[in-house]
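Below: one structure, written as structure tokens.
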Amino acid sequence: MESNPEVMNQFLRKVGVKSHITVVDVLGFDDELLQMVEGKVEGLLLCYPIKDGTDNEVDEDAKGRLYFMRQTIRNACATMALIHLLANQCSDDDFEENSSMKEFIRESKQLEPEVKANKFESCETIATAHENASVGGQTEAPAASDSVEYHFISIIHNNGQIYEMDGRKHGPINHGQTTQQTFLKDAIGVIRKFVKIDPSNPNFSMQAVTRI
């Protein structure tokens with residue numbers, strides 16, 4: 001799935017997420033650009049060039065408390081990032097009654113991260129929505145077996161802390177304190193850490209998942 005709000009919103013509607021939960025572009029780090037993001041920000045999606053050097057120290061308490069799933073399918077990281085965000089930040093009221101995403105989250109919530117991944121691999125409704133969204137963008141989607149240079153993660157706030165949710169790692173990564181009021185700016189501070197690893201690379205993109 002490409003880093004494109006239109007494509008991501010198409011996916012959300014297909015899996016039964018109501019239209020008041022929506023993905024929008026974040027155009028930059030400056031305060032004026034951040035102020036253009038309307039609604040309550042539930043989390044950020046970051047697409048970045050894969051490099052070594054990011055924090056890998058898992059918050060074990062958060063791993064037991066938050067919804068976390070390991071990524072075992074190649075080139076499904078955008079869908080994984082969205083699932084991490086939706087599962088931790090949304091309630092039943094944010095989903096349609098027959099939502100396949102709500103059902104998947106409910107049925108997998110108590111499973112271990114690796115077992116969640118196994119269940120995700122066999123979820124045909126989400127897989128179909130992912131495939132439809134992948135071919136709906138402006139760029140050709142890579143095959144599931146292709147090696148790619150970019151990766152999606154989500155950044156969320158929970159219990160007064162800011163967390164990096166990356167299915168390639170073994171659990172949530174704690175990036176310090178935050179509040180609802182300061183979350184967007186605090187999350188940009190986390191994203192700056194990723195940019196510093198490869199500052200000459202322009203291929204970073206951000207989206208916010210907002211509640212309007």
*Using the structure shown, list the pairs from LYS102/LYS196; LYS119/LYS185; LYS102/LYS169; LYS119/LYS193 with a Cα-Cα distance above 29 Å, or answer none.*
LYS102/LYS196; LYS119/LYS185; LYS119/LYS193
*Sorted by Cβ neighbour density within 10 Å, fewest at the top, the residues SER200, SER3, SER154*: SER200, SER3, SER154
*What is the set of long-range amide H partners of GLY43 at a cut-off below 5 Å, with H atoms built 1.01 Å from backbone N?*
VAL209
_Neighbour-limited loop hits for GluC sites (Glu not before Pro), the stretch 35-74 (at most 13 other Cβ within 10 Å; DSSP other than H, G, I, E, B)_ = GLU38, GLU57
*Taking amide H positions as placed 1.01 Å from N in the peptide plane, with prolines and chain starts having none, which residues 5 or more places from VAL26, or on another chain, fall under 5 Å of its amide H?*
MET206, GLN207, ALA208
*Could you tell me which of rounded, prolate or oblate describes the stretch 146-203, using a ≥ b ≥ c as the square roots of the eigenvalues of the alpha-carbon gyration tensor, with rounded for a/c under 1.5 and, failing that, prolate when a/b is larger than b/c and oblate otherwise?*
oblate
*Could you list ARG192, ARG70 in order of exposure, starting from the residue whose Cβ has the fewest other Cβ atoms within 10 Å?*
ARG192, ARG70
*asked:* If each DSSP helix of 4+ residues adds -39,500 (n - 2.57) and the sum is divided by the residues in the chain, what number results at 222 nm, nearest 500 deg cm²/dmol?
replied: -10500 deg cm²/dmol
*asked:* Output wanted: per-residue J couplings in Hz (rounded whole) for the stretch 55-70, from phi through Karplus 6.51 cos²θ - 1.76 cosθ + 1.60, θ = phi - 60°, x for Gly and Pro.
replied: 5, 10, 7, 6, 7, 5, 5, 5, 4, x, 9, 8, 6, 9, 10, 6
*asked:* Rounded, prolate or oblate, given the Cα gyration tensor of the chain, with a/c below 1.5 counting as rounded?
replied: rounded
_Between the stretch 89-117 and the stretch 66-83, how far is it from one alpha carbon centroid to the other, in angstrom?_
13
*asked:* Quick check for you: which residues of the stretch 34-77 have the amide N under 17 Å from the point 7 Å beyond the Cα of ARG168 toward its beta carbon?
replied: 45-58, 69-77
_Give me, ordered by chain and number, the residues 5 or more places off GLU96 or on other chains with an amide H under 5 Å from its own placed amide H._
VAL17, LYS18
*asked:* Whole-Hz ³J(HN,Hα) for each residue in the stretch 35-44, computed from phi via Karplus 6.51 cos²θ - 1.76 cosθ + 1.60 with θ = phi - 60°, x for glycine and proline: what do you get?
replied: 5, 6, 7, 8, x, 7, 7, 8, x, 10
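No value in this document is a laboratory result; all are computed from the given coordinates. It should be emphasised that the depicted structure is a prediction, and the values quoted were computed from it without experimental measurement. Cβ sites come from the backbone with ideal geometry, for glycine too, and all protein chains shown count toward neighbours.
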